[in-house]
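Computed from the coordinates by the stated procedures, all read-outs in this text should not be read as laboratory data. None of the values given here were measured: they were computed from a predicted structure. Note that each Cβ is placed from the backbone with ideal geometry, even for glycine, and that neighbours are counted across all protein chains shown.
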Amino acid sequence: MRKLNLTIIIALLTSTVLFTGCVQNSKSMILENTQQLKVRSYQIKKYNKSKLDIARAVVSTLQDLSFIIDKADIRTGTITATKLLKNASMRITIIVRDKGKSTQVRANAQFASANKMPEAVTEPKTYQTFYSALDKAVFLENQGL
Amino acid sequence: MKRYFNILILTFVGIFISGCAQTNAQQMVNLTETSLKERQLQTRNYDTTQEDKILTSSVATLQDLGFNIDEINVDLGIVTCSKTRDAREIGQQVGLVLLAVLSGNGDVMDSADHTQIIRATVVTTPKTKLKKETSVRLTIMRVIKNHKGNVLNVETIKDQTIYKQFFDKVSKSVFLEDNNV
């Protein structure tokens with residue numbers, strides 16, 4: 001009897017581990033329950049440079065990070081790029097917009113790895129890391145390098 | 001009782017270990033120490049301010065090398081291209097055939113490189129602050145698949161000779177364009 005109880009506990013534990021992350025209805029992933037304002041707060045950064053300068057800096061940052069550019073359009077300021085590693089992949093879209101005296105950059109990314117299903121990147125830290133790489137590219141561009 | 005406990009411990013250890021040494025999203029956008037060195041390796045400056053001319057010559061070079069153009073944007077000076085090619089290497093094939101014969105397991109061949117998709121981005125940038133130059137930066141990556149189409153390896157190319165050869169070809173292409181060839 002005691003053995004049976006233990007078997008049930010183990011089975012339950014294993015199934016909990018296996019099915020965590022599963023959603024009740026896969027259609028819920030179409031819109032996802034994101035908080036618009038919060039998402040924007042960490043995806044956006046402003047720079048006091050022209051739109052073209054920032055767009056070029058974004059492209060060189062993506063190259064620094066070993067991304068391949070999939071799409072680019074200066075009118076809408078859209079740049080989409082992909083990075084593939086053996087066990088992980090990331091797709092990122094960056095929109096550069098002219099906001100009068102400053103330029104606004106917004107990045108959003110999705111990430112997948114061998115033990116992680118593809119999902120939107122929601123950790124602000126990842127975006128901060130990207131923007132610190134962009135800061136360096138903007139600096140280098142300023143120096144004419 | 002002790003046996004179940006051991007199984008439980010092993011299960012959890014397995015779960016924890018499987019999370020180790022994995023790439024996370026933040027690492028994907030983190031600059032490495034070699035980033036600047038790679039930037040130099042991937043870049044060459046040409047003594048002209050005619051960015052369009054360098055862009056056209058780069059596209060022509062990519063065509064010389066058999067790439068198909070996927071995306072091009074003149075304003076940002078971006079060209080992205082790709083090609084699919086043979087990835088079979090004699091050494092690897094012979095080794096795996098021998099292994100398959102010795103082990104009697106034909107599935108060994110599933111780990112043999114078969115085809116590769118090569119993707120590259122070329123970006124031209126005017127560098128007019130210090131000198132009158134246009135820079136060209138090339139980044140290349142490739143995805144290697146087996147005969148079943150499963151991905152075996154993905155890598156960013158960092159070989160100096162490959163980049164050097166490409167830029168030499170662009171220089172030649174600029175010359176050819178100048179002479180209307």
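Tabulated data for the structure shown
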{"read-out": "Those strands (runs of 3 or more DSSP E) lying entirely in the stretch B:24-95 with at least 3 residues closer than 21 Å to A:VAL58 by Cβ", "value": "B:68-73, B:78-86"}
{"read-out": "Residue within the stretch A:130-140 that is facing chain B (nearest Cβ under 8 Å), touching a residue at least 60 places away in the same chain (Cβ under 8 Å) and within 13 Å of the chain's Cα centre (by Cα) present", "value": "yes"}
{"read-out": "All positions within the stretch B:124-147 that are under 26 Å from B:THR23 (Cα atoms) and more than 8 Å from chain A (Cβ to nearest Cβ)", "value": "B:LEU138, B:ILE140, B:ARG142, B:ILE144, B:LYS145, B:ASN146"}
{"read-out": "Output for the stretch A:116-134, where each listed residue is surrounded by fewer than 16 Cβ atoms within 10 Å (Cβ to Cβ) and in a helix (DSSP H, G or I)", "value": "A:PRO124, A:LYS125, A:GLN128, A:SER132"}
{"read-out": "Residues (free of Cβ contacts under 8 Å to residues at least 24 places away in the same chain and exposed (fewer than 14 other Cβ atoms within 10 Å of the Cβ)) located in the stretch B:35-54", "value": "B:LYS37, B:GLN40, B:ASP52"}
{"read-out": "Test for B:ALA120: is it among the small types (Gly, Ala, Ser) and closer than 21 Å to A:ARG56 by Cβ", "value": "yes"}
{"read-out": "Output for the stretch B:122-134, where each listed residue is surrounded by 15 or more Cβ atoms within 10 Å (Cβ to Cβ) and more than 20 Å from B:ILE69 (Cα to Cα)", "value": "B:PRO126, B:LYS127, B:GLU133, B:THR134"}
